[in-house]
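Student: Pasting a structure below so you can have a look.
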Amino acid sequence: MYTVGELLRQWRHRRRLSQLDLAIAADVSARHVSLVETGKSHPSAEMILRLAEQLDVPLRERNRLLLAAGFAPRYAERPLDQKALSAAWGAIERVLRAHEPYPALAIDRRWNIVMSNRAIDPFLAGVAPDLLVPPINMVRLGLDPRGLAPHIVNLAQVRALLHIRITRQLATAPDPELTTLYEELLAPHSGDASQPVESEVAIPMIFRFGGREVRLFSTTTTFGTPMDITLDEVAIESYYPTDAESAAYFASPDAGRKPPAL
């Protein structure tokens, strides 16, 4: 089991900061950072959280730092549908519905879908039933040959984008389950990581259903300053049509009700 000093040093190395860099950002002395990391000084809970803030440590891992130092966890982790988070749940639902007729969904840190709007439903037609058993994993749904993969025209580029995002995510906060997902669906196609990616902000995805192409790009939204682990780890993926033809599909009266021909 790691000490709080060892954990802080690991996070500092992940962020590629020197002790002096961290000390300046946290407004403490470099000597104090050194003493904390070597275990020669026992930091207060407030000091741990101050350093964690500057290191951009996820809330889940901040609790781990506090526990390692003998303090109680500071951040709760509650299901989104729990009464305490009902306002946040309602806000996510309103955002997703307001995005209709275009697809949008909310995912957790392991890319499991926690909520989606009705515009997602047509894309699930023809997907293997076991891939739709909750929790539905967005990465597996998109890359599994029994999922959407056969209908994604630029599959190699989509893999490259996911490789960038998940590799960065694992570097920020290692997670065994996410690592397993990466090794299962992305590692076998490591060559796709060299695909040219024009932008990580506007992610291009081209679907082909029954000879018709639907072109989309997505943006990612997160909560600004969450104080709950669950909210800290939720992201909203919103999809937009890139051309008039794709927009026309979603503008159809049947969009969201009638699945596209597969």
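Student: Report, by residue number, each residue of region 171-186 that is in a loop (DSSP other than H, G, I, E, B) and not aliphatic (A, V, I, L, M).
Tutor: Scanning region 171-186 gives Pro174, Asp175.
Student: Could you please find all residues in region 171-208 being in contact with a strand residue (DSSP E or B) (Cβ under 9 Å, 6 or more places away or on another chain), surrounded by fewer than 17 Cβ atoms within 10 Å (Cβ to Cβ) and at pLDDT 80 or above?
Tutor: Matches in region 171-208: Arg208 only.
Student: Name the residue that is modelled with the highest pLDDT, counting only residues in region 124-134 that are of a type in the set (Gly, Ala, Ser) and loosely packed, with under 15 Cβ neighbours inside 10 Å.
Tutor: Ala128
Student: Among what's in region 8-28 and is in a helix (DSSP H, G or I) and among the aliphatic types (A, V, I, L, M), pick the residue that is nearest to Ala171 (Cα to Cα).
Tutor: Leu8
The values are calculated or read from the model by the stated rules, or taken from the named source; none is laboratory data. Note that the structure is predicted; figures quoted are calculated from it, not measured. Glycine gets a Cβ as well: all are built from the backbone with ideal geometry, and neighbour counts include every protein chain shown.
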